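The values are calculated or read from the model by the stated rules, or taken from the named source; none is laboratory data. As the structure is a prediction and not an experimental result, all values here were calculated from the model. FYI the Cβ positions are ideal-geometry reconstructions off the backbone, even for glycines, and counts take in every protein chain you see. Side chains are part of the model used for accessible areas, which takes the heavy atoms of the whole protein and leaves out ligands, DNA and RNA. Shrake-Rupley method; radii C 1.70, N 1.55, O 1.52, S 1.80 Å.
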Amino acid sequence: MNKKKFILPVLMFICLLFVMGTSVKAAPASTTTMPIPNINVSINGDTANSPKQYVDNIKMLILLTVLTLLPSIIIMMTSFTRIIIVFGFLRNALGTQQTPPNQVLIGLSIFLTVFIMAPTYNEINKNAIQPYVNNTISQDQAIEEGAKPLRQFMLKQTRQKDLKLFVDQAKLDGKVTKDNVPLYVVVPAFTISELKTAFTIGFLLYVPFLIIDFVVSSVLMSMGMMMVPPVMISLPFKILLFVMVDGWYMIVSSLIKSFHVT
C-alpha cells in the first residue's frame, strides 16, 4: 500500500514532464532577429587635416588628464593645508570629538582658501587665462605667466631653510632665483613650511585649554572626586571660554593675517 502511494505521484510527475517537453518541441521557432546598429569610428578630415591640429588635440587631452590632479594642487599649493590642520588642532584642544563635523571644517577651509587666494587667482586670470582664451599668447606662455603669481605666493610663505634644502638636493645652486625656481622645488618646500606653521599655531591653541584641564583636575583631586572624569567637567568651561573670547573670529582672523599676500 505504501509503495502504491509512492509510485503514483512519481508517475504523475513523469507524465507532466513529458507533456511539457512535447509542447515545447511543438512550439514554432521564432524567426525574429534583433537588429545590430552599424558603428563607425573615424576622424573627420575637415576638423583634423593638419599635424598642428592633431598636436592641439593631444595637448587638450593631456590638459584634461592633468585636471585629475586638481585636488592635490588645491591642497598642496594653496593655503588649504595650514587652515585645515589648525582647525583639526582646535577641535582636539576643545575635546568636542566630532563637533564641528569634518564636512563643516573642510567646507570652511575651502572657502577661506578661495578668499585668501583670490588676489593670486585674479592675477593669473588677468595675465594668463584671459590672454590665452583670446589667442594673444601661446599655451607655453600662458603656463609660464600663470605660474609666476602662484610661485610668488608660495615663496612668501616658505622658509629659506626649507627652500634651500630642496634647491641643494636638486643641485640647482647658482642656477635659479626667486623668479625662475622650478615649481617642483617650491611646492615641497612650501608644504613643509606650512606644516611647521600650522603645528606652531596648534601648539598655541592648546595652551589655554590645557591650563583649564590642569585646574579642573587639581580641583577634583583636592575634593576627593577621583572617579569623575576631568574631561567631562572641563569641556563646558572650554566651550564657555572659547565663546566668551569670540574664538572663531580670532582664529579665522589670525589665519587670514598669517598669510603674507601683499
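Among residues of segment 247-259 that are modelled with pLDDT of 90 or more, none has a beta-carbon under 6 Å from a residue that is aromatic (Phe, Trp, Tyr) and open to solvent by less than 30 Å² (accessible area, probe 1.4 Å) at least six positions away or on a different chain. Taking the conditions (1) surrounded by fewer than 14 Cβ atoms within 10 Å (Cβ to Cβ); (2) in contact with a Ser or Thr (Cβ under 8 Å, 6 or more places away or on another chain) in turn, residue 136 satisfies each one other than (2).
Looking at segment 101-110, can you tell me whether even one residue there is within 18 Å of residue 71 (Cα to Cα), touching a helix residue (DSSP H, G or I) at 6+ places or on another chain (Cβ under 8 Å) and β-branched (Val, Ile, Thr)? Yes, because at least one residue in segment 101-110 is within 18 Å of residue 71 (Cα to Cα), touching a helix residue (DSSP H, G or I) at 6+ places or on another chain (Cβ under 8 Å) and β-branched (Val, Ile, Thr).
In segment 107-120, the count of residues that are loosely packed, with under 15 Cβ neighbours inside 10 Å, part of a helix (DSSP H, G or I) and in contact (Cβ under 8 Å) with a residue 24 or more places away in the chain is one or more. What residue, among those in segment 75-105 that are over 29 Å from residue 148 (Cβ atoms) and aliphatic (A, V, I, L, M), is most open to solvent (accessible area, probe 1.4 Å)? Ranking the qualifying residues of segment 75-105, first place goes to 104.
The test for being touching a His at 6+ places or on another chain (Cβ under 8 Å), charged (D, E, K, R) and exposed (fewer than 15 other Cβ atoms within 10 Å of the Cβ) does not hold for residue 126. Would you please name the residue that is nearest to the chain's Cα centre (by Cα), looking only at residues in segment 128-167 that are outside any helix (DSSP H, G or I) and within 29 Å of residue 195 (Cβ to Cβ)? Selected residue: 158. The listed residues are 226, 244, and the only one of them that is at pLDDT 80 or above and loosely packed, with under 15 Cβ neighbours inside 10 Å turns out to be 244.
Let's see how each residue does on (1) within 28 Å of residue 105 (Cα to Cα); (2) under 32 Å from the mean Cα position of the chain (by Cα); (3) of a type in the set (Gly, Ala, Ser); (4) not in a helix (DSSP H, G or I):
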residue	(1), (2), (3), (4)
206	yes, yes, no, no
212	yes, no, no, no
220	no, no, no, no
225	no, no, no, yes
231	yes, no, no, no
235	yes, yes, no, no
240	yes, no, no, no
248	yes, yes, no, no
252	yes, yes, no, no
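The requirement of being under 29 Å from residue 240 (Cβ atoms), surrounded by 10 or more Cβ atoms within 10 Å (Cβ to Cβ) and either out of contact with any Leu (no Cβ under 7 Å at 6 or more places or on another chain) or not β-branched (Val, Ile, Thr) (or both) is fulfilled nowhere in segment 58-68; no residue meets it.
Taken over segment 188-223, the criterion of being loosely packed, with under 15 Cβ neighbours inside 10 Å, among the aromatic types (Phe, Trp, Tyr) and either at pLDDT 90 or above or at positive phi (or both) is satisfied by 199, 203.
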